[in-house]
Amino acid sequence: MNRKNIVIALAGNPNSGKTTIFNALTGARQHVGNYPGVTVERKEGRVKYKDHDITVIDLPGTYGLSAYSPDEVVARQVIINEKPDILVDIVDASNLERNLYLTMQLKELEVPVILVLNMSDVAEKNQVKINHGLLSQLLGIPVVRAVGSKNEGIRDILEEIVNYDSGQTKAQERQGRYRPEIEDELARLQEQLQPPQPVAAEAAAGVEAGTELSTMPFRWLLIKLLENDQEVGRQISAWKIGPDFMREVEQSRQRIKNLTNDEPEIALVEDRYAYVRGICREVCQRALLDKATVTEKIDNVLLNRVLGIPLFLGMMWLLFQMTFTLGAPPMDWIDSGVSALGDWLNANMADGLLRSLLVDGIVGGVGGVIVFLPNILLLFLGIAFLEGTGYMARAAFVMDQVMHKAGLHGKSFVPMLIGFGCSVPALMASRTLENPRDRLVTMLVTPLMSCGARLPVYSLLIAAFFPTQMGGNILFSIYMIGICLAIIMARVFRTWLLPGETEPFVMELPTYQMPTIKNILIHMWERTWLYVKKAGTIILMISIVMWALFTFPTTDSQGQPYEDATVQLENSYAGQVGKAIEPVFRPLGFDWKTGVALVAGFGAKEVVVSTLGTLYSIEDEEALAEEEESSVKGFAERAKEQSGYTPLVAYVLMIFTLIYVPCMAAIAVMKRETNSWKWPLFTIGYTLALAWVVSFLVYRGGLLLGIGV
C-alpha cells in the first residue's frame, strides 16, 4: 500500500500546551535542531496514522505573526517557505479570546487550519462552556476539543488531518473582516496593482528564501505592507515592482490614518481583536463565580509580595536537596561500576600505552562524568515538573521586583532559569525580549547561572570533601551565588555599559495543572540525552586529547624514559602549560593541575571532572590499582595528598567553575545572536576576571576565618 505523506505545522501561543500536543502526537519519534541560518530551535517529529505518514513541525510559540521577534519571523517564514499542508493551531480554551488573535493571522495566510481547543478540562472547571460547532461555523475551520496532558483528543486531531488531506473536510475558510475604511483600501489596491515578482537574477544571487512570498496571497502581502511590516518591506524591496506600487500603498496608509485617527497597524490589530471578541461572545458562556479559581487561590500565596521570594528560594533548596540526597545511592553504584571496570582492565591488560589510554583516558575521563548521571536526571526531572505545573513562569513574576533593581524586568529571569539546564537554549530564549539592551544584558549575565554541565564538578567536589548531610546546602549556596552575581552584574552593565529606561513587564501566567508522567519523562530525557551524547562524543574526544597531553613526551631530553610518574607528568605537554599558568591560580589555592583542568573546561565544563580524574589516575596508577574504595573517595585522597585540597579549596574551585568562561557552544551561540565577536570576547574577559576576584576573596576570607581549612 502506498502511504501518503503530509506535513503539518503546530502553531500556538506560549503556554497553550503546544509542546504537550507535539509530544503526544510524536512521542519519541522526534529530533531537535536549529532552523537554517538562525539559532531558533526546530523540533520535528513523525507519526503514522491510517495510510498516512505525517511529519509534524513544532513552530516557535508566538502571540502573532508580525515581525516583532525572531520567533515570529521564523514561524511565519516556515509557513511561507516550507508550505506545510495543514496548520494545526493549538489554543488555550480557558483563554480563548487572547489565543484566537493568532488564529486570525494564520487564516490570513490561506493555508488549511485546524483549531485545537487544548486544556478544555481547565475551561470546564472554570465553568466556561464553548459551543464547538458554532465556533467551527463562524471561523470556517474544523475545531477539535483536546486535553493534551491526558492524551484526550489526539486521535481526533489525526482524524481531522486525514480528512482534510482526503478532501472529506470542506471548510469555508472564512476570512476576518476589517472596518470598511481598511477593506475599501485593500479592495482598491488589489484591483489597481499586480502582485510583485522577485527579480530572477537577484533571486538566483540569494536574496533570501523570503522571496517565495510571491506565492502567498496578495491580500496578505498588502495587509503586511499596510501594517508597515519591516521584514516584508525589506524582502519586497528586492523584487520587481512598478514605480507606483509602494506609493499607492503609502497613500492607502495615509488615507486609513486620516479616516480612523490611528496608525494603520494599530487599526488592524484593534479590528482583529474586535472580530475575536465578537466570536467569543457568540460561542462562550461563563457562569458567574462567587469564589476564586484554584489557580487564583494558589497565586494568592505563591505571588504574595512578602512570601513570594522566600517560597521560590525554598523550592530551589528542596530541588537541590533532592538532586543530591536521592542521587547519592545510584551515583555510588555507578561509581563502583566504573572503578570495577578500571580494576578489571588493569588486571587483564599488559602494561603499556593502550591500557593507559583505556584506564586513564577513557574510563577515568568519560566514566568520571557518567558517574553523575543520576544527579543530572534528578535536576532535569525537578525542572521539568516545575515547568509543567506552570510555576516557572511565576518564578519570573516573583523576581520582577528584584530584577527591576538590576535595571531589567522579570521576563529577563526566564532565560536565566533556563540556564539551570543549559546556557545554549537560555541564550536563545533572550530573543523573547523586545528591548535590544535588555536582550544583550540578559545574554551577558545568563552564563553566570549554573548549567547542568557544571553539576558533575559540584557533585564530585561535594561528595569528596563534604559530609553527605551538607551536600544539598552547599549545592544550593553555589546556585544562589550565581543568581546574585547575575543580578549584580546586570545592574553594573545597565548603569555603565548599556544604560537606558527599563521597560514595563507583562508576563503570561498559565493555569496550574498537574503535568503527566509522559511529558515530564520526555522533557527529562531530551535534556539528559544531550548530556549523555556529549559524554560519548565531545568529552570522549577531549579526554583522549588531555590523556595524550598528560602522557607525552614519555622520555626526557636525553631520550631516557621517566622512572617517576610525578616527574613525567610535570614534564608532559600539559604539565608544561600548567606550570606556566600556575602563578595565576596559586593565589586562589589551586596548583598547576587544577589550572590545566580549568583550561580544558573551556570546551565543556564536564571536562574539568574528566581531566582531574585522568590526571590523578596517571600520577598515582599503582595506588589506584590497589585501591578498593570508590573513585570519588579515591580522588579526594589523591587530591589532598598531591594538590593540598581542603574543603575550602574545593568550594573555591566550585565558585571559579560557576563564574568563568562559558563553554565553546555558548560562545558560538552568543556570537550568532549578537552577530559580532565583540560581546562573546567581552564575556570571556569579564567572566575570567570576575571568577578570579570572587574566588580570591572567598579563599583569602576563608583562610582568615579558619573556615574549611
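For Arg145, the residues 5 or more places off, or on other chains, whose built amide H falls under 5 Å of its own are Leu117. For segment 97-150 and segment 642-658, what is the separation of their Cα centres, given in Å? If you average the Cα positions of each part, the centres end up 55 Å apart.
Restriction of the chymotrypsin sites (Phe, Trp or Tyr not before Pro) in segment 675-709 to DSSP coil positions whose beta-carbon has at most 15 other beta-carbons within 10 angstrom yields Trp677. For segment 308-705, the alpha carbon convex hull comes to 145 Å³ per residue, rounded to a whole number. A Förster radius of 25 Å combined with the Cβ-Cβ distance from Met315 to Thr468 puts the calculated FRET efficiency at roughly 0.70. With R₀ set to 45 Å, the beta-carbon distance separating Asn304 from Arg247 gives a calculated FRET efficiency near 0.20. Here Phe380, Phe413 are placed in order of increasing Cβ neighbour count within 10 Å, fewest first, which gives Phe380, Phe413. Placing dummy labels 7 Å off each Cα toward the beta-carbon, the span from Lys50 to Lys518 is 2.1 nm. Ranked for footprinting exposure by Cβ neighbours inside 10 Å, fewest first, Leu648, Leu358, Leu408, Leu448 give Leu358, Leu648, Leu448, Leu408. When the P(r) is computed for segment 4-166, the part past 28 Å accounts for 14% of the Cα-Cα pairs. Residues whose amide H lies under 5 Å from that of Lys4, counting only those 5 or more places away or on a different chain, are His52, Asp53; hydrogens are built 1.01 Å from N in the peptide plane. Ordered by the count of other Cβ atoms within 10 Å of each Cβ, fewest first, Glu72, Glu606, Glu108, Glu191 give Glu191, Glu108, Glu72, Glu606. Can you return the lysines within cross-link range of Lys257? Criterion is Cα-Cα under 19 Å, with same-chain partners fewer than 8 residues away left out. List returned: Lys224.
Each value in this text was obtained by applying a stated rule to the coordinates, not by laboratory testing. Since the model is a prediction, treat every value here as computed from it, not as a measurement. Neighbour counts run over all protein chains shown; Cβ positions are idealised from the backbone, glycine included.
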